[in-house]
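Below is one structure; the comments refer to it alone.
A short reminder: the numbers here are calculations on the coordinates, not readings from a lab. Quick caveat: nothing in here was measured; it's all calculated off a predicted structure. When we count neighbours, we look across all protein chains shown, and the Cβ atoms used for this are built from the backbone with ideal geometry, even at glycine.
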Amino acid sequence: MRKLVYYVAVSLDGYIAGPGGEYDFYPVDAEMGASLNAEYPEFVPSFVRPHFGMPADEPNKRFGTVLMGRGTYEPALSIGVSSPYPHMKQYMVSSKLGRIDDPAVELVDADPLGLVQQLKKEEGQDIWLCGGGNLAAQLLGEIDELIIKSYPVVAGSGISAFTGEFRPTLFAPTRRAEFGNGAQVTWFTRA
């Protein structure tokens, strides 16, 4: 069975982005980027791969599907990129966007939980939950693993990693890596 994995960057106070969607306050580290890009090349949008010295056709290693909310999709769309991950099957969840003018991205305007339950039954590589916090909270019961990039910065306010009802859910750490910028990446599985 395919797994749903939420891979996301967070501040020390649990925000994935600032109040206006900002994410440029995370301290950059070349070693961290190189390590994660080598392990998960599919997480690098195709339009920025040349910037990281990656071939555009770098094969996926673990994930074949990406699921993202409107707030996660819109930054690429705002710069004219309607299909940020053409190397994966792309789903964008939004009840407000209305339509997407790119056949490579499928709009899901209702029942993301049902979609994930169906995708998990299909053959193929795992499913990456790219964000955001509202979608992650809706799908919490289906998240099998977390990969959390925790940066040593306090945001103060913004978009929470999980924006939803109070629902304590245990995960167990399975691996951790630390980098020169003070960031840690921790891998968790559902406890």
Can you list the HN-Hα couplings for segment 65-80, worked out from phi with the Karplus curve (6.51, -1.76, 1.60; θ = phi - 60°), rounded to whole Hz and with x for Gly and Pro?
-> 9, 10, 10, 9, x, 4, x, 7, 6, 4, x, 5, 4, 5, 9, x
Which is the longest run of the chain containing none of the trypsin sites (Lys or Arg not before Pro) found in DSSP loop states (not H, G, I, E, B) with at most 16 other C-beta atoms within 10 Å?
-> 100-191
Over 17 Å [Cα-Cα, segment 85-173], rounded percent | 59 percent
Divide the volume of the convex hull of the Cα atoms of the chain by its number of residues and quote the answer in cubic angstrom per residue.
-> 123 Å³
If you add up the charges near E178, with Lys and Arg at +1 and Asp and Glu at -1, over every other residue whose beta carbon is less than 13 angstrom from its beta carbon, what do you get?
-> +1
For V48, what is the net charge nearby, where nearby means another residue's Cβ is under 15 Å from its Cβ and Lys, Arg count +1, Asp, Glu -1?
-> -3
Scoring segment 27-174 by relative contact order with C-alpha pairs under 8 Å, at least six apart, yields a percentage of 21 percent
Check: C-alpha center segment 103-133 vs C-alpha center segment 51-70, spacing in Å is 15 Å
Note down the net charge around Y73, summing +1 for each Lys or Arg and -1 for each Asp or Glu among other residues with Cβ under 15 Å from its Cβ.
-> -1
From the Cα gyration tensor of segment 4-110, with a ≥ b ≥ c the square roots of its eigenvalues, which class applies: rounded if a/c is under 1.5, or else prolate if a/b is larger than b/c, or else oblate?
-> oblate
So how do L77, L139, L129 line up by other beta-carbon neighbours within 10 Å, fewest first?
-> L77, L139, L129
Taking S78, S83 and counting other beta carbon atoms within 10 angstrom, the fewest-first order is S78, S83
Calculated from DSSP H runs of 4 or more alone, at -39500 (n - 2.57) each and per residue, what is the 222 nm mean residue ellipticity of the chain, nearest 500?
-> -5000 deg cm²/dmol
Table column - 3J(HN,Hα) (Hz), segment 134-146, Karplus curve with 6.51, -1.76, 1.60, x for Gly and Pro = 5, 5, 4, 5, 5, 9, 3, x, 9, 6, 8, 9, 10
Which loop-located GluC sites (Glu not before Pro) does segment 1-45 contain, where loop means any DSSP state but H, G, I, E or B and the Cβ has at most 14 other Cβ atoms within 10 Å?
-> E22
For the chain, share of DSSP beta bridges that run antiparallel, in % to the nearest 5 = 40 percent
